[in-house]
C-alpha cells in the first residue's frame, strides 16, 4: 500500500458511559479500494460510521479525509467533500416517489436550493440524473411509485441510489444488503462491483460471501478495536480473527 | 371529486369571490362583504402557517405574533400620524406604499430573530418556545401604555391611504384583500413546487437524512419560517386596516390556536385547505350563536363552543386532510 490514504482514522475513541464503542481505533482506506469492516454485533461498526459522517462526535482522535482534518466538520458539509453514507436502517423520504427521492439527493449537489419559483418536478437535469441512477440500481420501472410503497429490497436499493447520485469519493455503506433475499443481494454485489473503479468504499456487511467477493482489504473490529487488517484470504486464516469472529459464527 | 378538479374548483371559487360583493349588495346585505374580507385575511395567515406546518413540519404555536407585529406597525404609525407626534424622530404616516411593506418587513424581521432561536430546538420544545416568544410579544404590546395597553388602539385616521384606491370603501378594500390572498396563494404554490419547496418537504419527512445528503437544514427551515412570518405580517397589516383597531388580543395565544385550527380543519399541507378552513372556522364562529339563537336554545347560544369544539374534533378525527381531504380524493390508490 503505497498510495496516500483517502480516509485516515487515527486513534479514534468514543465511549458511552463505561462502554468503549470505539477504542483507540486506527484505520485507513486507500483510494480505489473496497475496504470491508466486519465484526460481531456490538463491535462498534455503526458507531464508527456515525463518527465518520459527523453524527457522533468522537471523544478523541482524528479523522483525515483526503489529507484534511474533518473530525469537527459539520454533518452537511461532508457529503460535499465526497464523503457520503448510506444507512443500515433504510432512511428515505416516504411520501416522495422513488425518482423524487433520488432527484432530491441530486439537487444537493446542484448548488444551493434557495430557488423559489421554477417547478422542480420539471427540472430536466435533476430528473435525468435521478432516472439514470435509479436505472443503475434496477429501479427504473419503480420511478413513479411512492417510496413507502416499495418493497424492503427496493427501498434498500433506493437508499443506495440516493448515495450514489451524490457522486461520492468515499462511500460509507452500512449493511447495504441488510434484510435482502439472496437474489437481490447478488444484484447489489454486482452493482457495487461495477462501481469499484469509480468509487472508494468502506463497507460494513454481515454477509461474508459478499464481503469476500467484494473486498480488497478487510478490517476486523471487536469491542471497538481493529484486531486485524489484511487481504480477505489472510483474514480468513488469521487465528485471532477465527477465534473472535468467524469461529463464533461457525459455532452458532 | 378527484384531485385534478382542484384547479377548476379554485377558479370557480375565485369567480364567486369576485362576484360576492355585488351579490351581497344585490341581496341588501352589504355588510357580508366585510365579513368575507375578514375570512380572506385570515386565509392569508392560515396559508402562511401551512407553509411551515404542513410542508416544513414546524409546529409553530406562536404564529399570531407576526400577525400582531404587522397590525401594530400600521396602528402605531397611524396613531402618530393622527397625533402629529414623532416616533424615533420620524412622523407617523398612513401612506400604504410605505407602511404596508414596513409592516410585512418588520414581521419578517421578528420571524427571523425568533425563528433563529426557536429553530435550535425541535419537537415539543419547538412548540413551547414559539408559544413562549409569542406570549412575550403579547405582554410587550400590553405594556405599551401610550398605544392603549391592553385596551388596544383605534385608528382614528381611518384606513391607510393608497394612491388611486379608496380603501375606506368596503368593497374596494375587499378586492384588495382578495388580490393579496390570490397573490400570496400563488406565491406559496410556486414555493412548494420549487427546489426550495422540495427541500422543505424533505426536511419534514426525514430531517436527519437531509443533513446527510448535504443540506444545511437549519438555514432552509429559517428561510421558510421568515416567509411564513412575512405572510402573517401581511395578514396583520390587512386586519388592522379592516377593523381600524388593534389590541394585544390579535397576538394572544388563542389566536395562534385559531389559525392552527383553520389549517388543520381545512387540510394540512394543501394550501387550498387553509382557505376552506379559515372560511369554515370564521363562519361557524360567527353564525353558530345566531343559529342557536334562532332555534331558541339560549344555553347553546351562549356556549356555542360546546358544539363547535366537538365538531372540530370529529372533522380532524375522520378526515385525514380535513375539509380538503373530504373534497378531493387522491387519484391513485397509493397513500
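Here is how the number arises for the protein assembly as shown: DSSP H runs of 4 or more residues each give -39500 (n - 2.57), the sum is divided by the residue count, and the result at 222 nm is -17500 deg cm²/dmol.
Per residue, the convex hull spanned by the Cα atoms of region A:95-167 amounts to 80 cubic angstrom.
Once R0 is set to 30 Å, what does the formula 1/(1 + (r/R0)^6) return for the Cβ-Cβ distance between residue B:1 and residue B:291, expressed as a FRET efficiency to the nearest 0.05? Taking R0 as 30 Å, the efficiency between residue B:1 and residue B:291 is 0.60. As a calculated quantity, the FRET efficiency between residue A:10 and residue A:183 at R0 = 25 Å, using C-beta atoms, amounts to about 0.05. Across A:204, A:235, A:63, mean-square fluctuation computed from a Gaussian network of chain A (C-alpha pairs under 10 Å connected) peaks at A:235.
Label region B:12-53 by shape, choosing from rounded, prolate and oblate, from the square roots a ≥ b ≥ c of the eigenvalues of the Cα gyration tensor; if a/c is under 1.5 it is rounded, and otherwise prolate applies when a/b is larger than b/c, oblate when it is not. Oblate is the answer for region B:12-53, as a/c is 1.5 or above yet b/c matches or exceeds a/b. For chain A, the longest principal axis of the C-alpha atoms and the axis of helix A:98-109 are separated by about 80°. Over the C-alpha trace of the protein assembly as shown, radius of gyration and Dmax come out as 29.4, 96 angstrom. Approximating the spin labels as points 7 Å out from Cα along Cα→Cβ, the residue A:69-to-residue B:219 distance works out to 2.5 nm.
Please compute the contact order of region B:20-255 in relative form: average sequence separation of alpha-carbon pairs under 8 Å and at least six residues apart, divided by the residue count, as a percent.
The value is 41 percent.
In this calculation the C-beta distance from residue B:144 to residue A:109 is compared with R0 = 51 Å, giving a FRET efficiency of 0.55. Here the Gaussian network model covers chain A, with springs between Cα atoms less than 10 Å apart; of A:113, A:198, A:185, A:113 fluctuates the most. Put a dot 7 Å past the Cα of residue B:23, heading toward its Cβ, do the same for residue A:26, and the two dots end up 8.0 nm apart. Label positions at residue B:85 and residue B:245, each projected 7 Å from the Cα along the C-beta direction, are separated by 2.2 nm. Against chain A, whose longest principal axis is taken from its Cα atoms, helix A:124-136 shows a tilt of about 40°. Computed over region A:95-167, relative contact order equals 50 percent, with contacts defined as Cα pairs under 8 Å that lie 6+ residues apart. Sorting A:31-37, B:1-7, B:29-35, B:39-45 by their mean Cβ neighbour count within 10 Å, with the most densely packed peptide first, gives B:39-45, A:31-37, B:29-35, B:1-7. Rg ratio for region B:20-255: its Cα radius of gyration over 2.2 N^0.38 Å, N being its residue count, equals 1.05.
Short-range pairs are left out: with C-alpha atoms under 8 Å and at least six residues apart, the relative contact order of chain A is 26 percent. Build a GNM of chain B with springs between Cα atoms under 10 Å apart, and of B:221, B:301, B:255 the one that fluctuates most is B:301.
Where a number appears in this text, it was derived from the coordinates with a stated rule and is not lab data. Keep in mind that this is a model prediction, so the values were computed, not measured. Reconstructed Cβ throughout: ideal geometry from the backbone, glycine too, with neighbour counts over all protein chains shown.
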